[in-house]
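The values are calculated or read from the model by the stated rules, or taken from the named source; none is laboratory data. All figures in this text were calculated on a predicted structure; none of them were measured in a lab. Neighbour counts run over all protein chains shown; Cβ positions are idealised from the backbone, glycine included. Just so you know, the surface numbers come from the protein's heavy atoms only, side chains and all, with ligands and any DNA or RNA stripped out. Shrake-Rupley method; radii C 1.70, N 1.55, O 1.52, S 1.80 Å.
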Amino acid sequence: MYKGLAVILAILMMAAALPINAQNPPQREIVITIDDLPAANANVMTGQEILEMTTKLLKTLRDQKVPAVGFVNEKRLYKFGEVDDRIKALSLWVDSGFELGNHTFSHASLNQVGLKEWEEEVIRGETVTRLLLAQHNMKLRYFRHPYLDTGRDLQTRREAEAFLANRGYRIAPVTMDAWDWMYAGVYEDARKRGDSSLEQQLVSSYLSYTGTVFDYYEKFSKDLIGYEPPQILLLHGNWLEADHIGELLDVLRKRGYRFVTLQDALSDPAYSMPDEYVGVEGTNWLDHWAITRGQPPRNTPVFPQWVVDRSHALPYPPNQP
C-alpha cells in the first residue's frame, strides 16, 4: 500500500513541475472573420469554382461548430453568365447558419475616395446581402473597412462612423492578421499548376507566421491593456483557407483558444476603448489603441520576403484585401 501511495505522490509532483501552460492552457477567445466574399480572387474564378471553394470552406467550419462572419463585396457577384452561381455561393453562408456583413460594393478605401462616394459604396454593397439575410430573419449589422482603412483624418473617420451607426452597423475590428491574402495568391497559382511541394511549403510558412503574429500580439495585448481580449482574426475567401483552415483551427486550439461570435467578442470592454487612430495605411485595432495612447508597437513580426517576391511575380498579383 505504501509503495502505491509513493507512486501516486511521485506522479503528482511531476505534474506540479510541468510548465503551467502544459497543465492548463490559457483560456482565450477568438472570432473567425472572412473577407472579400464571394471570393477574394473572384475576377479570375468561375462561378462553379467559387461554389466548390465555398462549400469546402464552410463544411470545415460547420463540422467543427466554429461561428464565423463573412464580409461581402457585392461587385464580385456580377460577372456575365455567372451571377446565379456567385449568389448561390453567398447564400451557402446563411443557409449554413453563418452571418454576412458589408465590406463595401467594390472594396473601396475610405483613405482613397471621398466620404460621399464611400457612403454610396456602403449602400450599394447592401442589396443582395440584405435579401439573403432576410430570408433567414437576420439583419445586416456588421461592417468591415476595406484595407482596414478608417479615414485619412479624424473628422472623416468620425463622420463615417456616424453614417454607419445611422444605418445600423457595428464596425468589425481586427486584432490578428497573418496576411493570408499574400500567401493565397501564390498558393492558388501553385495549386493550378499542381506544384504540391510549393503548396506545402506555403502552408507550413503560413501556419508558422500565424504563430509568430499571435506570439507578438498576445504579449502586446497584456502589456497594453493588462489582459488578452477576445481576438478577432482576419481571413479571406480563398483556396488556402478552403483547403487548410482545419489546420489553422488546430493551431488556435493548441494555443488555448475557443471560438466565439463577433457579438460576444465586441461586448468586451476593450472594444470601447478610446481610438483616435488615422493613417494612410490600415492597421489592427490593438495598434490603434496603442497609438492613441502614444505607445506605438515596435519590432512587429516581419512577413516572409520570399512569399512577397513570389506574389509580386504572379501574372495577377493580389491587392491587399
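Averaged over its residues, segment 46-130 has an accessible area of 43 Å² per residue, based on protein heavy atoms and a 1.4 Å probe. Taking only the C-alpha atoms of segment 98-202, the Rg (one decimal) and the largest Cα-Cα distance, Dmax (whole number), read 17.1, 50 Å.
Excluding residue 110 itself, calculate the net charge of residues whose Cβ lies under 13 Å from the Cβ of residue 110, where each Lys or Arg counts +1 and each Asp or Glu counts -1. Don't skip to the end; give the middle numbers.
Working: positive: 116, 144, 152, 157, 158; negative: 117, 119, 120, 121, 149, 153, 159, 161, 281.
Within the 13 Å Cβ shell, the charges total -4.
From the alpha carbon centroid of segment 137-185 to that of segment 32-107 is 18 Å.
Once both labels are positioned 7 Å from their Cα atoms along Cα-to-Cβ, the gap between residue 161 and residue 298 label points is 2.8 nm. Once the mean 1/r over all distinct Cα pairs of segment 70-111 is inverted, what Kirkwood radius in angstroms do you read off? The Cα-based Kirkwood calculation yields 11.1 Å. Couplings for segment 295-301, taken from phi via the Karplus curve 6.51 cos²θ - 1.76 cosθ + 1.60 with θ = phi - 60°, read 10, x, x, 10, 6, 5, x Hz in order; Gly and Pro are left as x. Here the Gaussian network model covers the chain, with springs between Cα atoms less than 10 Å apart; of 77, 164, 37, 164 fluctuates the most. Of the whole protein surface, residue 127 contributes about 80 Å² of accessible area at a 1.4 Å probe radius.
All other residues whose Cβ lies under 11 angstrom from that of residue 192 are scored, Lys and Arg at +1 and Asp and Glu at -1, for a net of -3.
Among the trypsin sites (Lys or Arg not before Pro) found in segment 118-212, those both in a DSSP coil and sparsely packed, with 16 or fewer other Cβ atoms within 10 Å of their Cβ, are 139, 152, 167.
Average projection, convex hull of the Cα set of segment 133-259: 10.7 square nanometres. Comparing 178, 163, 96 along the charge dipole axis of segment 82-186, the residue lying farthest to the positive side is 163, per the Cβ-charge model. Sorting the Cα pairs of segment 210-314 by distance into bins of 5 Å, from 0 upward, gives 2, 9, 17, 21, 21, 15, 10, 4, 0 percent per bin. Annotation for residue 208 and residue 147: the two label points, set 7 Å from Cα along the Cα-Cβ direction, are 3.1 nm apart.
Taken over the C-alpha atoms, segment 163-227 has Rg and Dmax values of 17.2, 50 angstrom. The Rg/Rh ratio for segment 27-169, using Cα coordinates for both the radius of gyration and the Kirkwood hydrodynamic radius, is 0.98. Spin-label pair residue 273-residue 124: with each label point 7 Å from Cα along the Cα-Cβ axis, the two points sit 3.7 nm from one another.
Note on segment 59-133: semi-axes of the ellipsoid equivalent to its C-alpha gyration tensor, largest first and rounded to whole Å, are 25, 15, 10. For the chain, leaving out every one of the GluC sites (Glu not before Pro) that falls in a DSSP loop and has at most 12 other Cβ atoms within 10 Å, the longest unbroken run is 1-275. Across q = 0.08, 0.10, 0.14 Å⁻¹, the chain modelled as identical point scatterers on its alpha-carbon atoms has Debye log10 I(q)/I(0) values of -0.39, -0.59, -1.14, in the order of the q list. FRET efficiency for the pair residue 216 and residue 263, taken as 1/(1 + (r/R0)^6) with r the Cβ-Cβ distance and R0 = 22 Å, rounds to 0.25.
Just the protein heavy atoms count here, and of the accessible area of segment 83-223 at 1.4 Å, carbon and sulfur take up 47 percent. Residues whose amide H comes within less than 5 Å of that of residue 170, counting only those at least five positions distant or on another chain, are 142, 143 (H built at 1.01 Å from N in the peptide plane).
What number comes out for accessible area per residue over segment 244-321 if the probe is 1.4 Å? Units Å², please. Here the residues of segment 244-321 average 56 Å² of exposed surface.
Here segment 195-252 is treated as a sphere whose radius is the Kirkwood value from Cα pairs; by Stokes-Einstein at 4 °C and 1.567 mPa s it diffuses with a coefficient of 101 µm²/s.
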